[in-house]
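Reviewing the structure listed below.
Every number here is computed from the coordinates shown, using simple stated rules; none is lab data. Keep in mind it's a predicted model, so treat the numbers as computed, not measured. We place every Cβ from the backbone using ideal geometry, glycine too, and count neighbours over all the protein chains shown.
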Amino acid sequence: MSFQNETILTLHKKLVNKEVTAVELLDEALAYIQGEAAKFNSFVTLNEEAARKQAELVDAEGVQEGEYLKGIPMAIKDNIVTKDVRTTASSKMLENYESPFDATVVENLIAAGAVIVGKSNLDEFAMGVSTETSYFGASVNPWNSEVSVGGSSGGSAAAVSSGEVLYALGTDTGGSIRQPASFTNLVGVKPTYGLVSRFGAISSVSSLDTVGPMTKTVEEAAIVLQTLASYDQRDMTSLNVKKQNYLENINAGIQGLKVGIVKELVGHKGIASEMEEIMENAVKILQDAGAEVKEISLPHINYSTDTYAILNRGEGVSSLQRYDGIRYGYRTENYNNLEELYVKTRTEGFGDEAKRRIVLGTYITSGDKAHYTAAAKVRTLIKDDFSKAFEDVDVILTPMTGTHAFKLSKGADASEIDDILATGINLAGIPAIAVPGGFINDLPAGIQFIGQALGEEKIFQTAKVYENATKYYETTAEMNGGQ
Amino acid sequence: MTKEYLSIEEVERLALNSKIALTDTELVQMQAEFAVLDARLDRLNALGLDDVKPTYFGNDVKSVLREDKPQQNQTREELFRNVPEQDATDYIIVPAMIEDEEAGA
C-alpha cells in the first residue's frame, strides 16, 4: 500500500496509539516497493534485514509521543554511506562498496528510531539533473513517466512522492534536493552549509555539498532536519551551534515579516507565465498573512550558472580522484602495469558524465587556474549580494524551477534558469526550502523561500503559512492521473 | 580574451593526466566543451574582478585539531572489506611500480 495519503505525523499517532506496528509499516513499504512501485526504480538497494531488526526493536520499546521518526519507513540517498547495506553512489565504480561506518546523519536517524528501508537512486556521484546518469537506470516521475523526476536526488523524490516511504534524505550541491522536490510536489530543504554533518556523504563538490530532507509537508521537513542537524568533530566544516526545535514555533505566522522578490528574476525569459502567476498568488498569500513584500536586488545572480559550473567541475575532479582501483571500488580485470590499472579502472568504472566533468575539472585546476579563481571571486560577489539583501528583508521568495519537469533525455546539465534559481543559494552557503507551488499542465512546480545563514526557523514558518493557504500536498500523483 | 581552442592532442593529454582514456569521438566532443568553459571565464572576467577576494570555502569555520587520544575506529578486517585484490597476509596487491629492465615489466 502506498503512503501517499499519510504523513510522518499521522503514522506517528497510529504508532503511539498502537493502531499499527513498525513491522507492519515496514512490510507495507516493502510490499509496495517490490510490487506496484517497482516501476519507479526509486531504489538501488533495499535494506530489509537491518530495517526489520530496527522495526522489531521499535515495537519492543514502544513509541512515545514526540518520538516522531521512531518506526517510520524512510530512504537514504545512495551517496550517503551505511554500514548495513552497500553504498554505490549509483556508479559502477562503487557497485559492491560496503562502508565500514555509518554517515553521521545515518547515526542520528538510527538513534531516533528511523527505519531505513533502502538506498535511493541518484545521478552517478550526484552529477546530473534527472537520475539519467545513474548506472542503475533513471528513476521514474510518479506524476508522469514521460517527464524527468529531477536530480540528482531523483530516487528520493520518486520514493516519497509515490508513497513508498514517508521521507528521504537527499544531498543538495546545486539544487539536487530542491529541483526534484519541485518536479514531484514535495518539500525539500537545503540547510545552511555546516548545519548538517557531511561526514559519510560521498563528496561531490565539497564546498557546496549539503544533506537535507525531502518530505510531503513543511512540518515533516522540520522534524527531519532537527534530527539530522548536529555538531560533528568528524566534519571540519561542521557548525558548533545549539540544536534547534523548528517545530516549536512553526505556526508562529509571518506578521511583519519582510519578504524580498528578486528584481533580476522578474520577467526572466526562462520563467514560464504560469510560474509568474504562481508567484503573484504566493505574494498575495504572504501579504494577506501580514508580511511586507518588497523588491530587492541580487545584481550577480545571473552569473550563478557560470560560477557554479566552474567550481563544480574544479572541485568535482578532486572528489573523484580517489577512485583508482587500489584500496576499494571497481578494479579493471586486465592490466599490465600500474598506469594501465589506473586508466582502465577509471575509464571503465565511471560513466560518461563523470568522465566529462573529470576532464573539464582537470583543465580548470591545472595551469594558471584562471577559471577557478574567477569563479571563486564571483562567488564572493554573489554571497555579498545575499548579505546585503538580508539587511532589508528576512526571507527571499523565488520560483524553484522555471516551470514543471522537463522531458527526459535533455542531458546532464540543468536549464540555465533552474541553475540560476538553485545554485546561488549553495554558493552563498545559506538555507532554502522548496515547497509545492501549484501545477502547470497538471505537473507540479515548486517555489522556494531563502533564508539567512542559520535562518531555517523563519523559512519553515513562511513555508508553513504558504502551505496552510494552498494545501497542494493534498493532491497526490495518483489523484492527478499519475501512476 | 578567449584562448584558442585546445588541440585534440592537448585534450587527450588532459584526459590522460586525469587517468581517463577518451575515444576519438569523445575527444572531439570534449574539445567543444572547453570553448564553452572559456566563454564562461570571459563572462565572469568582464565583471572586473581585480579587487575581489575569492571565496573557496562553504563557511568560515576554522579547522582545529581534536585532542590526541587513542580511540577505536574501524577494525583491520572492516578496512580490508572493500579491497579489490589482497593476499592472505592482508597486503593489497598492486602491479609492480618499478620495471625490471631485463625481465620487462
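Quick look at the numbers
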| quantity | calculated |
| --- | --- |
| In nm, spacing of pseudo-spin labels at residue B:68 and residue A:276 (7 Å Cα→C-beta vector) | 6.5 nm |
| Using alpha-carbon coordinates, inclination of helix B:8-17 to the longest axis of chain B, degrees | 30 degrees |
| Two-decimal log10 I(q)/I(0) for chain B, as the Debye equation yields it once each C-alpha is a single scatterer, q = 0.13, 0.15, 0.16, 0.19 Å⁻¹ | -0.97, -0.98, -0.98, -1.03 |
| Cross-link table A:92/B:19; A:119/A:471; A:388/B:53; A:77/A:410, entries beyond 21 Å C-alpha to C-alpha | A:119/A:471; A:77/A:410 |
| Which of A:357, A:198 has the fewest Cβ neighbours within 10 Å, and the rest in rising order | A:198, A:357 |
| Whole-Å semi-axes of the ellipsoid equivalent to the range A:57-202 (Cα gyration tensor, √5λ, descending) | 24, 18, 14 |
| Per-residue HN-Hα couplings for the range A:12-28 [Karplus 6.51, -1.76, 1.60; θ = phi - 60°; Hz; x = Gly/Pro] | 4, 4, 5, 5, 4, 7, 6, 7, 8, 10, 5, 5, 4, 4, 4, 4, 4 |
| Pairwise FRET efficiency - residue A:111 versus residue A:479, Cβ, R0 = 35 Å, nearest 0.05 | 0.45 |
| Estimated inter-spin distance, residue A:38 and residue A:61, nm [label 7 Å along Cα→Cβ] | 3.4 nm |
| Inter-chain shielding of A:309-318 (mean C-beta neighbours from other protein chains, 10 Å cut-off) | 1 |
| Dipole in debye (nearest 20) - the protein assembly as shown, about Cα centre, beta carbon charges: Lys, Arg +1; Asp, Glu -1 | 1120 debye |
| Loop-resident sites, the range A:327-363, for GluC sites (Glu not before Pro), counting at most 12 other Cβ within 10 Å (DSSP) | A:333 |
| Efficiency of FRET between residue A:370 and residue B:16 - r from beta-carbon atoms, R0 25 angstrom, step 0.05 | 0.70 |
| Centroid-to-centroid separation of the range A:425-482 and the range A:153-197 [C-alpha atoms, Å] | 11 Å |
| Computed [θ] at 222 nm, helices only, for chain B once each DSSP H run of length n ≥ 4 contributes -39500 (n - 2.57) | -11000 deg cm²/dmol |
| Net charge contributed by nearby residues that have their C-beta within less than 10 Å of residue A:30 (K/R +1, D/E -1) | -3 |
| Added length on full extension, which subtracts the Cα-Cα distance from 0.36 nm per residue, residue A:255 to residue A:145 | 35.5 nm |
| Inter-chain shielding of B:26-38 (mean C-beta neighbours from other protein chains, 10 Å cut-off) | 3 |
| Over chain A: helical MRE at 222 nm, DSSP H runs n ≥ 4 each giving -39500 (n - 2.57), nearest 500 | -11500 deg cm²/dmol |
| Whole-Hz ³J(HN,Hα) from phi, Karplus 6.51 cos²θ - 1.76 cosθ + 1.60, for the range A:427-442, glycine and proline x | 4, 8, x, 9, x, 8, 10, 8, 10, x, x, x, 10, 10, 6, 6 |
| Neighbour net charge for residue A:358 - beta-carbon separation under 11 angstrom, K R +1, D E -1 | +4 |
| Relative exposure of A:3, B:80, judged by other C-beta atoms within 10 Å (fewest first) | B:80, A:3 |
| Theoretical FRET efficiency, 1/(1+(r/R0)^6), r = Cβ-Cβ of residue B:83 and residue A:413, R0 35 Å, to 0.05 | 0.45 |
| Distance (nanometres) between label positions extended 7 Å along Cα→Cβ at residue A:263 and residue A:24 | 5.9 nm |
| Compactness relative to 2.2 N^0.38 Å, alpha carbon Rg of the protein assembly as shown | 0.95 |
| GNM flexibility winner over chain B from B:16, B:49, B:79 (Cα, springs under 10 Å) | B:79 |
